[in-house]
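One structure is given below, encoded as structure tokens.
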Amino acid sequence: MGGSVGYRKDTFYRMGLFSHDRRRTVIAFSLVVFFGLGSLIATGSEFTDAFDGDEMESYQAHNMITSAFATNESEGESGLSGGRGFTIIFAHEEWNASNPQFAAAVNKTLGAISNSPDIEYIQTPWNTESNLSSWHYSDDGSHMRIHIEFSADVDAKEAYRGTQDDIKCGVLLCWRTGDVAIDTTFDDRMVDDLVNAELLAAPLTIILLIIVFSSIVAALLPVAISVPTVISGVGIIFWLSHQMDVNNYAMNIVSLIGIGVSIDYSLFIVNRFREELHNGHDKREALAITSATAGKAVFFSGITVVIGLTGMLFFEGTGLPSMGIGGSLAVALAVFFSTTFLMAILSILGERVNSFKVPFGMKQEMGDDGLWFKLADFVMRRPVVTLVPILILLIGAGAPFLNAQLGLGGIDLLAPDEEVRVGSEIQEAEWSDFGEAEIFIIFEFDGTDRFSDQAIDTLHNFSLRIVGREDVSSVVSMYYPTPGMNASDLKSIYSLPVEHQPVGVQDLVNATSTEDVVIIQIVYNPEPGSPEAHALVKEIRLMEDDITFQGKVGGWAAISVDIIDEVYEKTPIAVTYILFCTGILIFIQVRSVLIPIKAMVMNVLSLSASFGMLVFVFQEGHGFEEWMNFTPLSIDPTTPVIMFCIVFGLSMDYEVLMLSRIHEAYLETGDNTEAVRRGLQQTGRLITGAAAVMVVVFASFTIATVQIIKAIGLGLALAIAIDATLVRAIVVPATMRLLGDLNWWSPKWLAKWFPPHQPHREEEEESQ
């Protein structure tokens, strides 16, 4: 039992003693933190639906339009603005929409909600202006759509949820869609996806942990620690949503990271505690050594994960900063509960941590005939033979990412059979004017007359240049009311009194301008998230540079361009930050220059492979879309960033935990080859088991209905699986074997400030 002498001056060793000697205090404090933070869930959430890019041109354009037309009485006169309402589409297998029986069935459906105090009005073909009949009836008359608008003083989403059970279509077919319906569906599906993923992952995780520990009590401890971690994390993120813009994906990230990391950390701590008990230490000493070894490794690995997640903070305006904050909080809580609450529980359990053993689990003892001993021995004897084919495989897996297309998805991020998406697709098929992709250019006229000759000449000519493009179908603007009208005609018309102007001209003026702003609306042909749409936005912005009036370009395609540009601009900064900080942290732990560099290269390899598979599955399809229920799309520009920040941190997590064991062995033996062999043998089973748990947690999110969550879940699962098997079990030990004692090299000038850790075996023997 003298092996603990080398740890006794360690801060973490003393923390372990404190957790044992003051276990009731530690448990009480942990529970206060848990209940205090968890109670914040009661404050409710105010998540944002999209992004927070106030500095981006596209968001500025959106805000200007919203502000300029918020009080415009002409807006919504038709009742079809959709900002606070939703649309119901009706059809019948036999009846035409003009059939009286069809109308009676529609009225019967609407009767259940017609007297709701939350509803401002219901727009139908029989209570609207005649010029709106084309809006209500499809081109062939087979479908009808009506619009329901909620009052301004109610929460539109909650009001919509309140109508769902009341709307019964009877003999008709019906689909709900529109702004509020779509936004609410996204919100609800993300919550449903989270619950369903946890319900799927929980039993599988418990089974895996039972196999790893061969004990039901030991297996349940990591799961138990994940509960306060996730609930506390969700509580904090709920509270933060009232203080700052928090993206609605943040809750999923908190849960995903919180579950995975807390189970991971608890697994390592419980395993090390059982190992020290097996080595003959009493529970007090076993807990102290566990804290000095596994506890310290968890602390450093937690910092590496936080470093990776805080890399999201650089991407302002993308919604990523709030996800990074949420994920970092989840990791911090996982470290806290694992190194305090769990430690105190272990001090109470002692040997009882091994209670309720099962016959089918892995054996705790590390023999010389097991899989990991044989693998470690083979890698040490054949490092080149094992390294080269794995490197070729990883590089090949990453190749598809070279063909990645980035773009924001819309309603097509939902499952193809989702009601609001089906409704939207029916509208696009049955109404020729629906679903037209639009770019908006908003020009400010601060004190300038929008009807001046200069404004008309400049912006009419600008409109002509745009409408002449093959990828543009039409332009809607007060400076381009009809294709045959020139600038002189416009000047003549706008010089007339309003009552003498041609019919419809003033309506167009009111719809597209105020005294301060003018909008030019461009309807284009490419898909909004396509490279062609992105190119159009960029070319329009270049065309603006040639005119006196400077506008701001908005619309979904413009938002997509701005977010992609933000990602491209900030990625080098974020990557540099993550690599530098992680490298410094690992150096402080092992006092080596080459090991941090090697670790980062290995992580990039596993990440590139997972990025390649992301493109292979979600962009190119290859049949996966059929049984995973999604539509192949361009890759959301934030997805690779999220994956990089999460996976890089988690990969370094495993790196730190393996290195801690290799470093321990090196300090004991002074032999690099033996240290690597022993480290792989001791951690291989555990890291694989921990990774299997993490893969199960992440892979459970592939059943999500929102494609971004599905893609992130699969990407993270693949990355962790690749890292824990191919990279951590083969590539890392093979490279460390080839580098030999160079692994532990540090330049003399650096060694003066950070002296290398020296083997303490002799010191221990003398002290005994």
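The values are calculated or read from the model by the stated rules, or taken from the named source; none is laboratory data. What you see is a predicted model; the values in this text were computed from it and never measured. Reconstructed Cβ throughout: ideal geometry from the backbone, glycine too, with neighbour counts over all protein chains shown.
Could you check, for the range 424-435, whether at least one of its residues is modelled with pLDDT of 90 or more, of a type outside the set (D, E, K, R) and either touching a Pro at 6+ places or on another chain (Cβ under 8 Å) or closer than 25 Å to VAL561 by Cα (or both)? Among the residues of the range 424-435, at least one is modelled with pLDDT of 90 or more, of a type outside the set (D, E, K, R) and either touching a Pro at 6+ places or on another chain (Cβ under 8 Å) or closer than 25 Å to VAL561 by Cα (or both), which makes the answer yes. Determine, yes or no, whether ASP453 is acidic (Asp, Glu), farther than 19 Å from ALA533 by Cβ, touching an Asp or Glu at 6+ places or on another chain (Cβ under 8 Å) and outside the structural domain of ALA97 (by TED's automatic domain parsing). So ASP453 fails the test. Looking at ALA399, ALA437, just one residue is touching a residue at least 60 places away in the same chain (Cβ under 8 Å), surrounded by 19 or more Cβ atoms within 10 Å (Cβ to Cβ) and in contact with a helix residue (DSSP H, G or I) (Cβ under 8 Å, 6 or more places away or on another chain), and that residue is ALA437.
In summary, GLU428 fulfils each of the numbered conditions (1) touching a residue at least 40 places away in the same chain (Cβ under 8 Å); (2) more than 30 Å from ALA609 (Cα to Cα) with the single exception of condition (1). In the range 402-434, of all residues being within 19 Å of the chain's Cα centre (by Cα) and farther than 30 Å from ASN63 by Cβ, the one that is surrounded by the most Cβ atoms within 10 Å (Cβ to Cβ) corresponds to ALA415.
Among the residues of the range 633-662, the ones that are outside any helix (DSSP H, G or I) and either in contact with a Lys or Arg (Cβ under 6 Å, 6 or more places away or on another chain) or of a type outside the set (A, V, I, L, M) (or both) come to 3 in all.
Restricting the first member to the range 238-267 and to residues that are under 30 Å from LEU686 (Cβ atoms) and assigned by TED's automatic domain parsing to the domain that holds ALA297, and the second to residues that are surrounded by fewer than 24 Cβ atoms within 10 Å (Cβ to Cβ) and of a type in the set (D, E, K, R), the beta-carbon pairs closer than 8 Å and six or more apart or on different chains are ASN252/ASP193; SER255/GLU198; ILE259/GLU198. Scanning the range 494-509 for residues that are in contact (Cβ under 8 Å) with a residue 40 or more places away in the chain and either touching a helix residue (DSSP H, G or I) at 6+ places or on another chain (Cβ under 9 Å) or buried (at least 17 other Cβ atoms within 10 Å of the Cβ) (or both) returns a single hit, TYR494.
Residues in the range 271-290 that are farther than 17 Å from LEU686 by Cβ and buried (at least 24 other Cβ atoms within 10 Å of the Cβ): LEU287, ALA288. Taken together, ALA704, ALA734, ALA721 contain a single residue that is at pLDDT 85 or above, under 30 Å from ILE411 (Cβ atoms) and not charged (D, E, K, R), which is ALA704.
Of all residues in the range 641-694, those being surrounded by 22 or more Cβ atoms within 10 Å (Cβ to Cβ) and under 18 Å from the mean Cα position of the chain (by Cα) number 11. I need a count of the residues in the range 521-547 that are within 22 Å of GLY447 (Cα to Cα) and touching a helix residue (DSSP H, G or I) at 6+ places or on another chain (Cβ under 6 Å). Total satisfying the criteria: 1. Among the residues that make up the range 103-118, is at least one of them surrounded by 14 or more Cβ atoms within 10 Å (Cβ to Cβ), touching a Lys or Arg at 6+ places or on another chain (Cβ under 6 Å) and at pLDDT 85 or above? So far as the range 103-118 goes, no, none of its residues is surrounded by 14 or more Cβ atoms within 10 Å (Cβ to Cβ), touching a Lys or Arg at 6+ places or on another chain (Cβ under 6 Å) and at pLDDT 85 or above.
Does the range 189-208 include one or more residues that are under 27 Å from GLN589 (Cβ atoms) and part of a helix (DSSP H, G or I)? Within the range 189-208 (the criterion being under 27 Å from GLN589 (Cβ atoms) and part of a helix (DSSP H, G or I)), the answer is no, since none of the residues qualifies. Checking each residue of the range 705-716 against the condition of being in the same structural domain as GLU626 (by TED's automatic domain parsing), surrounded by fewer than 24 Cβ atoms within 10 Å (Cβ to Cβ) and of a type in the set (Gly, Ala, Ser) gives at least one match.
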